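Colleague: Handing you this structure, nothing more for now.
The values are calculated or read from the model by the stated rules, or taken from the named source; none is laboratory data. Predicted, not measured: the structure shown is a model, and the values here were computed from it. Please note: Cβ atoms are built from the backbone with ideal geometry, for glycine as well, and neighbour counts cover all protein chains shown.
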Amino acid sequence: MKYLIGVDIGGTNIKLALVDKRGRLTGKTTFSTTNFKGKNALIDGIVVELKNLILSNALKKKNIIGIGIGAPGAIDIRTGTVHYLVNIPDWREVPLGDTLKKRLGIPVFVDNDVNVMALGEVYFGSGYGARNMLCITLGTGVGGGLILDGKLYRGSSYAAGEFGHVPINVDGPKCKCGSWACVEAYTGNNYIVRGVIADIKKGQKTLITKLVKGNLRKITPRIISEADHAGDKYAKQVWIDVGNYLGIGLAGVVNLLNVEKIVIGGGVAEAGKILFDSIKRTIKSRAMKLPAKTVKIVKAKLGYDAGLIGAATLVLYELERKNASK
Ligand SMILES: [Zn+2]
């Protein structure tokens with residue numbers, strides 16, 4: 001039997017898994033990046049973990065079709081270069097894909113983490129079969145991956161799809177990208193929580209305060225949802241507002257690209273129906289009639305393992321494209 005390997009490089013953890021050709025996970029390991037001093041040690045660590053994953057599942061190199069890697073930031077896919085990793089200070093412009101390919105003798109493909117999630121959703125999830133689609137993830141950051149005409153759209157310098165940094169207002173909160181009033185500056189985890197804390201300090205009465213026993217630093221999107229589910233009107237309004245900001249940004253996407261689907265994942269998407277209804281209402285009222293009628297707004301399906309399954313899917317996608325161009 002042949003397998004794909006998915007590798008999901010996050011801020012503090014790297015996850016690896018064997019994935020079959022139907023997108024099912026069969027083995028998984030996680031290790032922390034914080035134990036590694038510098039890029040060379042980390043690359044050695046990744047090589048060891050990859051070899052272990054293959055051996056511990058009684059497999060050989062020939063059983064592995066390829067390794068797909070999802071990593072943060074813009075990735076130069078020609079060499080699999082990851083420009084920057086947050087906890088590894090000397091990690092600058094590292095050709096991770098080429099390096100691993102040389103050391104392991106297995107094909108390796110690297111792409112942006114949200115791009116690979118979009119591929120995973122198209123092959124095995126809520127975006128199944130979509131030709132034109134935007135996949136967004138809602139968390140601390142707000143990311144996006146675009147599928148246009150059945151292909152991953154990477155842009156002119158591999159930086160396309162940054163939905164979180166689409167500006168939606170003339171003035172507004174500062175964003176970590178250096179700009180202000182971006183979608184992420186209204187709908188990222190930290191912004192949502194900061195807004196709630198500010199309202200409570202101004203005297204807003206809400207169940208949220210009770211749920212964290214007055215310790216406002218413990219507020220998370222999950223707590224806000226808990227309050228919403230218990231009938232708290234303020235918490236409900238928070239999700240309606242977040243949905244409205246997202247909907248304004250997405251109305252622009254709908255008008256510009258006429259996508260058939262928008263797949264929404266990440267922790268904040270767990271706010272559920274109240275958030276999705278608000279997004280849909282805003283798109284309906286703010287986008288042009290025909291593209292607004294066409295687009296379907298759906299929740300991502302691959303959940304917690306989306307990064308791993310997506311990374312493995314990148315291998316399938318790249319090999320299919322290679323075969324098609326022969
Ligand atoms: Zn921004």
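Colleague: Just to be sure I understand, how many residues within the stretch 155-168 are in a loop (DSSP other than H, G, I, E, B) and either closer than 16 Å to ASP113 by Cβ or more than 12 Å from the ligand (Cβ to nearest atom) (or both)? Reasoning before the result, please.
Modeller: If we filter the stretch 155-168 for residues that are in a loop (DSSP other than H, G, I, E, B), which is where we start, we get 155-162, 166, 168.
So of that shortlist, the ones also either closer than 16 Å to ASP113 by Cβ or more than 12 Å from the ligand (Cβ to nearest atom) (or both) come out as 155-162.
Within the stretch 155-168, residues that are in a loop (DSSP other than H, G, I, E, B) and either closer than 16 Å to ASP113 by Cβ or more than 12 Å from the ligand (Cβ to nearest atom) (or both) number 8.
Colleague: What are the pairs with Cβ atoms under 6 angstrom where one residue, in the stretch 146-162, is more than 16 Å from VAL263 (Cα to Cα) and the other, located anywhere, is away from the ligand (no atom under 16 Å from the Cβ) and assigned to a loop (DSSP other than H, G, I, E, B)? Sequence gap at least six, or different chains.
Modeller: Qualifying pairs under 6 Å: ALA160/TYR153; ALA160/ARG154.
Colleague: Within the stretch 61-96, can you find the residues that are small (Gly, Ala, Ser) and in a strand (DSSP E or B)?
Modeller: Taking the stretch 61-96 as the starting set, the residues that turn out to be small (Gly, Ala, Ser) are 66, 68, 70-71, 73-74, 80.
GLY66, GLY68, GLY70, ALA71, listed by residue number.
Colleague: Another question, then. Across the stretch 270-296, what is the total count of residues that are buried (at least 20 other Cβ atoms within 10 Å of the Cβ) and hydrophobic (A, V, I, L, M, F, W, C)? Talk me through it step by step, then tell me what you get.
Modeller: From the stretch 270-296, those buried (at least 20 other Cβ atoms within 10 Å of the Cβ) are 271, 275, 278-279, 282-283, 287, 295; that's our starting set.
In the following step, the residues that additionally are hydrophobic (A, V, I, L, M, F, W, C) were identified as 271, 275, 279, 283, 287, 295.
So the answer is 6.
Colleague: Could you check the stretch 131-146 and list, in sequence order, the residues that are more than 13 Å from the ligand (Cβ to nearest atom), surrounded by 15 or more Cβ atoms within 10 Å (Cβ to Cβ), at pLDDT 95 or above and not polar (S, T, N, Q)?
Modeller: Those that are more than 13 Å from the ligand (Cβ to nearest atom), surrounded by 15 or more Cβ atoms within 10 Å (Cβ to Cβ), at pLDDT 95 or above and not polar (S, T, N, Q): MET133, LEU134, CYS135, ILE136, LEU138, GLY145, LEU146.
Colleague: Right, here's the next one. Test of understanding: among ASP199, ASP171, ASP149, which residue is at pLDDT 95 or above, away from the ligand (no atom under 16 Å from the Cβ), surrounded by fewer than 19 Cβ atoms within 10 Å (Cβ to Cβ) and at negative phi?
Modeller: Details: ASP171 fails: away from the ligand (no atom under 16 Å from the Cβ); ASP149 fails: at negative phi.
On inspection, the qualifying residue turns out to be ASP199.
Colleague: Conditions: (1) surrounded by 16 or more Cβ atoms within 10 Å (Cβ to Cβ); (2) of a type in the set (Gly, Ala, Ser); (3) more than 23 Å from MET288 (Cβ to Cβ). GLY247 meets all but one. Number of the miss?
Modeller: Going through the list (1) surrounded by 16 or more Cβ atoms within 10 Å (Cβ to Cβ); (2) of a type in the set (Gly, Ala, Ser); (3) more than 23 Å from MET288 (Cβ to Cβ), GLY247 breaks only (3).
Colleague: Okay, moving on. Inside the stretch 29-53, can you point out the residues that are in contact with a Lys or Arg (Cβ under 7 Å, 6 or more places away or on another chain) and either closer than 19 Å to GLY105 by Cα or in contact (Cβ under 8 Å) with a residue 24 or more places away in the chain (or both)?
Modeller: First pass over the stretch 29-53, keeping only residues in contact with a Lys or Arg (Cβ under 7 Å, 6 or more places away or on another chain): 30, 47.
Result: VAL47, single match.
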